[in-house]
1. Looking only at residues in the stretch 129-155 that are more than 16 Å from the chain's Cα centre (by Cα) and under 17 Å from residue 102 (Cβ atoms), which one is least open to solvent (accessible area, probe 1.4 Å)?
2. List the number of the failed condition for residue 126; all other conditions in (1) at pLDDT below 90; (2) open to solvent by less than 100 Å² (accessible area, probe 1.4 Å); (3) over 19 Å from residue 87 (Cβ atoms) hold.
Amino acid sequence: MAATSTSKMSSVALVVAVIIGCALKSQTLFHHLANYYHPLIGLAPFVTPEDKYGFKLNQVQSVDLRGQVALVTGANSGIGFELSKMLASQGAYVTMACRNPQRCFSAADRIRKEVPSASVSPLILDLSSLSKTNRAARTFLQNNERLDILFLNAG
């Protein structure tokens with residue numbers, strides 16, 4: 001019983017220390033928590049401490065991704081489309097996951113025209129249905145041995 005009480009006290013002390021630290025350093029709570037709970041690092045820029053995993057776009061664009069397998073959700077337009085195009089231009093094999101089949105195939109064709117060396121494939125992924133999501137996951141696994149890069153951009 002004493003060990004449980006001590007554990008709760010240390011957890012409370014950690015939370016209080018994090019809140020005080022945030023106030024003193026003018027950081028968001030999530031930003032500061034990443035210093036103590038490392039699995040949060042890299043989930044989003046606002047969670048990542050400034051000195052950890054900080055990349056600028058020009059640094060990312062110079063990385064050779066040949067042989068890497070990427071999956072990008074929401075890839076038929078906007079950030080997802082541009083990200084898919086950038087990954088493909090750097091040599092990654094990109095699976096473009098989209099809800100609308102026509103838009104998905106059209107986006108993949110546009111990337112192939114803009115980046116002739118691109119290796120992209122459309123994947124129909126409707127996240128509003130668990131059975132359709134499961135079907136898309138099985139399709140991805142049938143076509144790929146592994147997944148190296150995942151961008152969850154849908155929604």
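1. If we take residues in the stretch 129-155 being more than 16 Å from the chain's Cα centre (by Cα) and under 17 Å from residue 102 (Cβ atoms), then 136 is least open to solvent (accessible area, probe 1.4 Å).
2. Residue 126 satisfies all of (1) at pLDDT below 90; (2) open to solvent by less than 100 Å² (accessible area, probe 1.4 Å); (3) over 19 Å from residue 87 (Cβ atoms) except (1).
Table: residues versus (1) of a type in the set (Gly, Ala, Ser); (2) over 15 Å from the mean Cα position of the chain (by Cα); (3) open to solvent by less than 10 Å² (accessible area, probe 1.4 Å).
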| residue | (1), (2), (3) |
| --- | --- |
| 68 | no, no, no |
| 76 | no, yes, no |
| 80 | yes, no, yes |
| 83 | no, no, no |
| 96 | no, no, yes |
| 99 | no, yes, no |
| 105 | no, yes, no |
| 110 | no, yes, no |
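The values are calculated or read from the model by the stated rules, or taken from the named source; none is laboratory data. Since we're looking at a predicted model, the values are computed, not measured. Counting neighbours? That spans all protein chains shown, and the Cβs are built from the backbone with ideal geometry, glycine included. Heads up: the accessible areas ignore ligands, DNA and RNA and are worked out on the full protein's heavy atoms, side chains in. Shrake-Rupley method; radii C 1.70, N 1.55, O 1.52, S 1.80 Å.
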